[in-house]
Amino acid sequence: MGEKKRSRTVAIGLMLFALFFGAGNLIFPASMGQHAGTNVWWAVLGFVFTGVGLPLLGVLAMGYSGCKNLQELASRVHPKFGLFFTVLSFITIGPAFATPRTGSVSYEIAVRPFLANGGSDLSMIGFLVLFFVISFWLSASPQKLVDRIGKILTPSLLIAIVILIIKSFITPLGVPVMPTAEFATPSIATLQGFLDGYNTMDAIASLVFAILVIEFLMEDGVTESRQITKEVFKAGFVAVFFLAVVYIFVAKIGADSVTVFGIQSTGAPVLSLSAMHLFGNVGAILLAIIVLLACLSTSIGLITSCAAYFHGLFSGISYRKWVTLFSVVSFLVALFGLKTIIVAAIPVLMFIYPIVVVLILLTFLHNLFDGRQCVYAWTVGLTLITALINGTQTAHISLGPVDSFFNSVVPFHALGMSWVCFAAIGFIIGLLWKVAKKSA
C-alpha cells in the first residue's frame with residue numbers, strides 16, 4: 001500500500017511538473033544563458049530562486065492555508081479583492097495570454113521550421129485548430145488528468161530533454177564567453193536571473209495548479225490538513241526538482257552556444273539551432289517533440305483549471321461549455337502571433353506578480369499576526385500601488401510626476417523591485433494597526 005501511495009505521489013508530482021513546464025521554461029533559461037556567459041551559474045542561481053523556489057512555495061502555501069481555492073486565499077485581503085484578483089489571474093494564465101502562447105510557441109518552434117518558406121497563415125491556422133482541439137479533448141475529462149499527463153506525456157517529455165542534455169555534454173557546442181552588460185558581475189547576474197525567473201509565470205500558476213493536486217489527494221483519501229500539506233510538498237518537490245534540472249542544463253546549453261551561433265534575439269532560435277547542431281535533422285525533430293509535449297501539457301492544465309474555477313463561479317454553465325469557450329478564445333488570441341501575445345502580457349505580469357509573491361509570504365506568516373485582515377489589507381494595498389506603477393510604466397503609459405517620483409526616489413524601482421519596500425512598509429503598518437485596534 002505504501003509503495004502504491006509513493007507511486008501516486010510521484011505521478012502527481014510529474015503531472016505538476018508537466019503543467020508548469022511550458023515552452024517558455026525552455027526558451028527563457030536558454031536566452032539567459034547566452035547573455036550571462038561566464039556568469040551563467042550566478043544567473044541560474046537567481047533564476048532557480050524565482051522559477052523554482054517560488055512555485056514550490058506557492059504550491060505549499062495553498063496546502064498550508066487550508067483554502068479551497070485562490071479566491072478564498074485572496075479574500076483574506078477583502079472579498080471583493082479576492083474575486084477581482086482571482087478572475088484577473090485566471091484570465092491572465094488562461095485565455096488572454098498563457099494558454100494562447102502554448103499554441104503559438106508550438107507552431108513557431110515545432111512546426112514552422114519544417115515548412116517551406118517558413119509556412120503561411122493558413123498553415124498556422126490549421127495547426128492551431130488541431131492543437132486546441134486536442135487540448136479540448138484532454139481537458140474535457142479532468143479525472144483522467146493524472147493518468148494522461150503524469151504517466152504518459154511527462155515521462156516522454158523528460159526522456160527527450162535528457163537526450164538533448166546528454167548530447168550537449170558529449171559534444172559541447174563551445175565555451176561560455178564574456179557576459180553582456182546586464183550580467184556583467186556575479187551579483188548583477190544573480191539579480192537579473194532572479195527577475196528573468198518571473199517570465200515563467202509559474203508562481204502565479206502554482207496557486208492554481210495546487211488546487212488540482214489537493215483535489216487528487218483528497219480523492220485518494222487524504223483529508224487531514226497537516227497530511228495534505230505534507231503530501232502537497234512531496235508532489236511539489238518532485239515537480240520543481242525536475243524544473244531545476246532542466247533550467248540548469250538548458251542555461252548551460254545557451255551559454256555554450258554563443259561561440260557557434262552568436263547572441264540570438266530569443267531563446268527559441270538558440271534551442272532550435274543547438275538541437276540541429278547536436279543532432280542534425282533528428283535534433284530538430286527531438287526539439288519539436290519536447291516543445292509540443294510541454295506546450296500541450298500546460299495548455300491542458302490551464303484550460304482545466306480555468307474551466308473548473310468559472311464553473312464554480314457560474315454554475316449555470318457546465319464545465320464542458322467552459323472548456324469549449326476557453327479553447328475557442330485561446331485559439332482566437334493565438335492567431336495574433338507569439339510576439340504580440342508576449343508584449344501584451346508584460347505589463348499585466350508586472351502588476352500581478354508582486355501581489356502573488358506577497359500573498360504567498362503572508363500565507364506562511366498568517367499565524368504570526370493571527371490572520372488579521374488589516375495586515376493582509378495594508379501589505380497588499382501598498383504593494384498594489386507600486387505594482388500598478390510598474391505595470392503602467394511597462395505599458396509606456398505616462399503618469400507624469402508620479403513616474404518621476406518613483407524613478408528618482410523609490411529604492412529598487414529601476415530594477416522592478418520597488419514593491420519589496422512598499423510591501424514591507426505595509427506589513428509593518430498592518431501589525432501596528434492590529435496592535436492599536438486590539439488595545440483600543
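The values are calculated or read from the model by the stated rules, or taken from the named source; none is laboratory data. These numbers were taken from a predicted model, which means no experiment stands behind them. Methodologically, a virtual Cβ is constructed for each residue, glycine included, from the backbone with ideal geometry; neighbour enumeration extends over all protein chains shown. Areas reflect the complete protein model, heavy atoms only, side chains present, ligands, DNA and RNA absent. Shrake-Rupley method; radii C 1.70, N 1.55, O 1.52, S 1.80 Å.
Scanning the stretch 416-440 for residues that are surrounded by fewer than 13 Cβ atoms within 10 Å (Cβ to Cβ) and either more than 24 Å from residue 377 (Cβ to Cβ) or of a type in the set (S, T, N, Q) (or both) gives a single hit, 439.
Looking only at residues that are surrounded by fewer than 21 Cβ atoms within 10 Å (Cβ to Cβ) and not basic (Lys, Arg) in the stretch 72-82, which one is nearest to residue 242 (Cα to Cα)? Only one residue fits best here, namely 72. When 292, 325, 313 are screened for being touching a helix residue (DSSP H, G or I) at 6+ places or on another chain (Cβ under 9 Å) and crowded, with 17+ Cβ neighbours inside 10 Å, only 292 passes. The residue list 407, 367 contains one member that is assigned to a helix (DSSP H, G or I), open to solvent by 20 Å² or more (accessible area, probe 1.4 Å), touching a helix residue (DSSP H, G or I) at 6+ places or on another chain (Cβ under 8 Å) and without any contact (Cβ under 8 Å) to a residue 12 or more places away in the chain, which is 407. On the stretch given as the stretch 295-310, residues that are closer than 19 Å to residue 161 by Cβ and either open to solvent by 10 Å² or more (accessible area, probe 1.4 Å) or free of Cβ contacts under 8 Å to residues at least 60 places away in the same chain (or both) total 2.
I need a count of the residues in the stretch 198-247 that are free of Cβ contacts under 8 Å to residues at least 40 places away in the same chain and either of a type in the set (A, V, I, L, M) or touching a Lys or Arg at 6+ places or on another chain (Cβ under 8 Å) (or both). Summing the residues that are free of Cβ contacts under 8 Å to residues at least 40 places away in the same chain and either of a type in the set (A, V, I, L, M) or touching a Lys or Arg at 6+ places or on another chain (Cβ under 8 Å) (or both) in the stretch 198-247 gives 3.
With respect to the stated conditions, residue 77 fails to be within 21 Å of the chain's Cα centre (by Cα) and either in the same structural domain as residue 304 (by the TED database) or free of Cβ contacts under 8 Å to residues at least 60 places away in the same chain (or both). The sole residue among 171, 223, 229 that is modelled with pLDDT of 85 or more and not acidic (Asp, Glu) is 171. Looking at the stretch 164-200 only, could you name the residues that are small (Gly, Ala, Ser) and open to solvent by 30 Å² or more (accessible area, probe 1.4 Å)? 181, 184, 187, listed by residue number. Figure legend. Inter-residue proximity from the stretch 413-440: first residues outside any helix (DSSP H, G or I), second residues open to solvent by 90 Å² or more (accessible area, probe 1.4 Å), beta-carbon distance below 9 Å, spacing 6+ or different chains. Indicated pairs: 418/412. Within the stretch 289-335, being assigned to a loop (DSSP other than H, G, I, E, B) and farther than 30 Å from residue 275 by Cα holds for 314, 315, 316, 317, 318.
Taking the criterion of being in contact with a Gly (Cβ under 8 Å, 6 or more places away or on another chain), crowded, with 23+ Cβ neighbours inside 10 Å and either more than 20 Å from residue 265 (Cβ to Cβ) or of a type in the set (Asp, Glu) (or both), the only residue of the stretch 25-45 that qualifies is 44. Flag set for residue 399, criterion: open to solvent by less than 70 Å² (accessible area, probe 1.4 Å), among the aliphatic types (A, V, I, L, M) and part of a loop (DSSP other than H, G, I, E, B).
Could you grab me the full set of residues in the stretch 352-361 that are crowded, with 21+ Cβ neighbours inside 10 Å and either outside any helix (DSSP H, G or I) or over 13 Å from the mean Cα position of the chain (by Cα) (or both)? Passing the criteria: 354, 355, 358, 359, 360. Identification of helices (runs of 4 or more DSSP H) wholly contained in the stretch 55-127 with 3 or more residues that are over 21 Å from residue 352 (Cα atoms) yields 98-105.
In the stretch 241-279, the residue that is least open to solvent (accessible area, probe 1.4 Å) out of those that are outside any helix (DSSP H, G or I) and at pLDDT 85 or above is 262.
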